[in-house]
Structures are given as structure tokens and as C-alpha cells.
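Asks: One structure is given below, represented as C-alpha cells, and several questions about it will come after.
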Amino acid sequence: MNTISMLLKSMLFMGIIAGLLVLDLPTNLFQTSNQVSAQDSLGSSSPANSTAMAPSKPGSSVRPPASQKWGVNATVPSNIIPQDSSTTVWGKIRLGARGSVSIPNKDAGLLVQSGGETWRQYRMGPLVSYSGWIILAVIVLLTVFYFVRGRMKISAGPSKNKVERFKLLDRITHWMTAIPFCVLALTGLNLIYGRDLLLPIIGPEAFTAVTVAGKYMHNFMGFAFIIGIVLMIILWARHNLLDKYDLGWIKAAGGMLSDKVHPPAKKFNFGQKIIFWLVVLVGASLSYSGISLMFPFEFSPFQGTFAFINNFGSNLPTNLEPIHEMQLTQSWHAILSVAMIAVIIAHIYIGSVGMEGAIDAMWDGEVDENWAREHHAAWVAELKGEPEPKPYKGTFKSPESHVAHE
Ligand code: HEM
């Protein structure tokens, strides 16, 4: 009889416990004095929030500890497991707490980095949509410009004379930068848009081959691009310093809006100077961020940059996790490349279909003399020992005829 009543009592006791658990009673009911609640330890973030991503159904593969599911601290005897086994452990891990590991890769001590999710959302969302719209907008604007303005002609018509504009080394340098850049741009865009645009057209096998080949080309072409930029700096930087003709060129909108307006310029006009410095500065930053991505975790470009920027009053984080550095580097690399692709599309337009006679400069190195006088009068005057022209004083639609034609 005694045994039966004891059995009934224990069943009742267990039933009450189970009932309390199912009814989700307050956490502190089960909290002993030496246990710290997850809420206390995590400040403003509740344990419920901290496990918002984890599936809570029993039987799921990543089940949170019972303590978090039911809001009760785990009751692991502290004399058996000496570590802190309270709920705060999971909460802290979810919020990016770093543990220690004995393997050489110390970064493995970081199990969850919430910034990764933020980065993934940016990578799959705004990066894809904004980049696409920017590139598309540039193409549409140039197309509209072409149909409204037409091809920029040599106003005086082609001359019989040619002027040497770029030597062989200049042209090699240009194409050594341009060809790799185009390959880098296409293989890079494939990484963002390939799955949506190319895969449905060419199928998975061809797409895999193209993407793998593209990845290797992207890595190797980067070095040719870097060499090209270094050579460009050596050969052209001195021609791209500001001079007295730039203001007139800006006021005339480069003569792009009227066939009759020809602001004089030296070897490079103001527009070309902008392109040059963008290529050099953005290209350098693209190269550095690209190398950082190629050799993961070897560089920490943002930590130092943020520390430097903080000298001017900002409060950017300077203690970045290596994985956070990689995420920022990827974002920066992508933003810069889209900006540079947009600018280079405009450059390609002007250098080819947009302007009669321009491509000759980079093709055989010689340009039509009338073209040279209309676009680079000060440079031609210097070349031929003629008096230098005055800076342009008119507007973008009222010409000043100080351009001498033969
Ligand atoms: C692939 C198509 C391209 C074409 C048809 C093209 C055409 C040209 C032409 C005709 C010039 C000489 C302009 C003059 O005589 O004043 C030039 C110059 C230049 N190109 Fe390109 N280019 C191309 C791609 C690129 C790329 C991809 C880059 C850089 C990533 C680049 C960077 C430059 C720079 C910095 C200059 C000197 C400044 C200027 O003229 O704007 N080019 N290009």
C-alpha cells in the first residue's frame, strides 16, 4: 500500500512539474541564487530575441536548450560541468561572443556573427538592384544623348594631315588597362547577375564552366590591370594636372552640346582628367580591396581606415572581426566596381561611337589635325611651336572662334 501511495505521489509531482513547464511559468521561479538570467546578462536583448533564428520544435536539428525554449535556466549540476552552463552562454554566442579554441584557426572561436546576415541581405538585395539600375541608367542616358546630340563630328571636316597623339607604349598601356578592366567587369558582373541572367539561357553545365573560368580570369587579370594603372600614372599623370584651360572647358561643357563650341585644352581636357584620376584612385582602391578578397583574412583594410577617419571626429568601430573586414571589403569592392563600370561605359562611348576621330588616337596613335585642333588646341600649338590659344571665355552654346583650321 505504501509503495502504491508513493508511486501515486511521485506521478502527481511529476505531473505538476510537467504542467508548470507547459504553462510556461516565469523564469525566476526556477532560478537559483547562483544562476544569472539571460536577460540580466544580455542587457537589452532578451533570450527570446537572441534565439529568434533558431528553430524551437522538438526534433529539429538545431534545437535551443530547454532553458531557452521554456524560459527556464538549465539545471546542470555545477559540480559535474565546471563551465558556465546558464542560458547566457547561448545568448552571448548568438550575439557574437567569441570562445577559445585549441586549433590553429582562432577565428573558429566565433560561432555566430550576426553581421553576416546583414551583409547577406545587402549582397542579395540593394547591391543587385541598385547596381543594375545604375548601369542601365548610364546606358539609357548615353543612348538618349546619342539620338538627341548625334555623333560629335569634326566641325571643319577631316584634314589631310595627321598628328602623332600616343606612342606605342602609351597605347600598350591603355589597352593593357582597358582589356583586363572589361574582362574584370564582365566576370565580376557574372558573380552578381549570372545566376539570374545567364544560367537560365545557357544551362547549368555551361554556366558552371563559364563561372569557374571567369573566376580564374578575374583573379589573374587583376594583376595586368594593376600594372596598367602604374604605367598610366608614370606616363600620363603630369598631363592630368589642372591648368588654365580647365575652367573654360567646364563652362563650355566640353563643347559636347554644340558642334560649334571648341574650348581649347592641352593634351588632356578637364573631362579626361576626371576620367584619369578616377581610373587611378578608384582603380587603386579596387585593386587593394581585390587583393584583400583574394587572400582572405590577410589584410584588415577597414580597421586602419576607420581609425584614421575617427581622427576627424567620427566614431567608427576599429575593433572589427576578421570576417566583418571581409564583408566590408566585398561591399566596398562591389560599390567601387559598379561606379567605375558606369564611368567607363561613358568613356567607351565618347572614345568610339560618340566622337568622330577619337578612336584613332588609341588605334594607330595618329589623329586628324582638325580633330586635334578642335579638342586639344593648346596641345597642338605646343607641338607645332605656335602661340598658345587663350582660355575659352564663351558659354556652352556661344562659340569663340580662336580655333584655327587649315
Ligand atoms: C574598351 C573600350 C575603350 C575605348 C574604345 C577607349 C578609347 C579611348 C580613347 C580613344 C582614348 C584617347 C582619347 C584622346 O585621344 O584624348 C582613351 C583614353 C583613355 N582611356 Fe580608354 N578606352 C576604352 C577603355 C578604357 C578602360 C576600360 C579604361 C580604364 C579602366 C580606359 C582608360 C583611359 C584613360 C585613363 C584614358 C586617358 C584619359 C582620357 O582620354 O579619358 N579606357 N580611351
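The values are calculated or read from the model by the stated rules, or taken from the named source; none is laboratory data. Owing to the predicted nature of the structure, the values given are computational and were not obtained by experimental measurement. Glycine also receives a Cβ, built like all others from the backbone with ideal geometry; neighbour counts cover every protein chain displayed.
Asks: I'd like the full set of residues that are aliphatic (A, V, I, L, M) and in contact (Cβ under 8 Å) with a residue 40 or more places away in the chain, limited to segment 276-320.
Replies: Within segment 276-320, Leu278, Val279, Val280, Val282, Ala284, Leu286, Ile291, Leu293, Met294 meet the criteria.
Asks: Taking segment 347-376 only, how many residues are of a type in the set (A, V, I, L, M), free of Cβ contacts under 8 Å to residues at least 24 places away in the same chain and more than 8 Å from the ligand (Cβ to nearest atom)?
Replies: Matching residues across segment 347-376 total 0.
Asks: Looking at segment 281-297, can you tell me whether even one residue there is closer than 22 Å to Glu388 by Cβ and loosely packed, with under 15 Cβ neighbours inside 10 Å?
Replies: No, segment 281-297 has no match at all.
Asks: Also, quick follow-up: So for segment 231-242 (the condition being under 20 Å from Ala334 (Cα atoms) and either in contact (Cβ under 8 Å) with a residue 12 or more places away in the chain or surrounded by 14 or more Cβ atoms within 10 Å (Cβ to Cβ) (or both)), does at least one residue qualify?
Replies: For segment 231-242, residues under 20 Å from Ala334 (Cα atoms) and either in contact (Cβ under 8 Å) with a residue 12 or more places away in the chain or surrounded by 14 or more Cβ atoms within 10 Å (Cβ to Cβ) (or both): absent.
Asks: Return yes when Gly150 is small (Gly, Ala, Ser), exposed (fewer than 11 other Cβ atoms within 10 Å of the Cβ) and within 24 Å of Leu383 (Cα to Cα) and no when it is not.
Replies: Details: small (Gly, Ala, Ser): yes; exposed (fewer than 11 other Cβ atoms within 10 Å of the Cβ): yes; within 24 Å of Leu383 (Cα to Cα): no.
Considered against the rule, which asks whether it is small (Gly, Ala, Ser), exposed (fewer than 11 other Cβ atoms within 10 Å of the Cβ) and within 24 Å of Leu383 (Cα to Cα), Gly150 comes out as no.
Asks: Quick one: Lys273 ticks every box in (1) in contact (Cβ under 8 Å) with a residue 40 or more places away in the chain; (2) in contact with a helix residue (DSSP H, G or I) (Cβ under 6 Å, 6 or more places away or on another chain) bar one, so which box is it?
Replies: Status for Lys273: all satisfied but (1).
Asks: Which one of Val72, Val112 is touching a helix residue (DSSP H, G or I) at 6+ places or on another chain (Cβ under 7 Å) and at pLDDT below 85?
Replies: Going through Val72, Val112 in turn, the sole match is Val72.
Asks: In addition: Exactly one condition in (1) more than 16 Å from the ligand (Cβ to nearest atom); (2) under 26 Å from Leu247 (Cβ atoms) is not met by Trp332; state its number.
Replies: (2)
Asks: Inside segment 111-151, can you point out the residues that are aliphatic (A, V, I, L, M) and more than 30 Å from Ser258 (Cα to Cα)?
Replies: Leu111, Val112, Met124, Leu127, Val128
Asks: Can I ask one more? For segment 275-289, which positions are more than 8 Å from the ligand (Cβ to nearest atom) and over 17 Å from the mean Cα position of the chain (by Cα)?
Replies: Trp277 - this is the single residue of segment 275-289 that is more than 8 Å from the ligand (Cβ to nearest atom) and over 17 Å from the mean Cα position of the chain (by Cα).
Asks: Which condition breaks for Phe207 when tested against (1) aromatic (Phe, Trp, Tyr); (2) out of contact with any helix residue (DSSP H, G or I) (no Cβ under 8 Å at 6 or more places or on another chain); (3) touching a residue at least 12 places away in the same chain (Cβ under 8 Å)?
Replies: Evaluating Phe207 over (1) aromatic (Phe, Trp, Tyr); (2) out of contact with any helix residue (DSSP H, G or I) (no Cβ under 8 Å at 6 or more places or on another chain); (3) touching a residue at least 12 places away in the same chain (Cβ under 8 Å) leaves (2) as the failure.
Asks: If you scan segment 173-190, which residues turn out to be in contact (Cβ under 8 Å) with a residue 40 or more places away in the chain and either more than 9 Å from the ligand (Cβ to nearest atom) or crowded, with 20+ Cβ neighbours inside 10 Å (or both)?
Replies: Thr173, Met176, Thr177, Pro180, Phe181, Leu184, Gly188, Leu189
Asks: Would you point out which residue out of Gly304, Gly203 is farther than 30 Å from Ile350 by Cβ and either more than 22 Å from the chain's Cα centre (by Cα) or hydroxyl-bearing (Ser, Thr, Tyr) (or both)?
Replies: Gly203
Asks: Take segment 345-369 and flag every residue that is surrounded by 23 or more Cβ atoms within 10 Å (Cβ to Cβ) and assigned to a helix (DSSP H, G or I).
Replies: Ala361
Asks: What residue, among those in segment 290-303 that are farther than 18 Å from Met221 by Cα and aromatic (Phe, Trp, Tyr), is farthest from the ligand (Cβ to nearest atom)?
Replies: For segment 290-303, the residue satisfying everything is Phe297.
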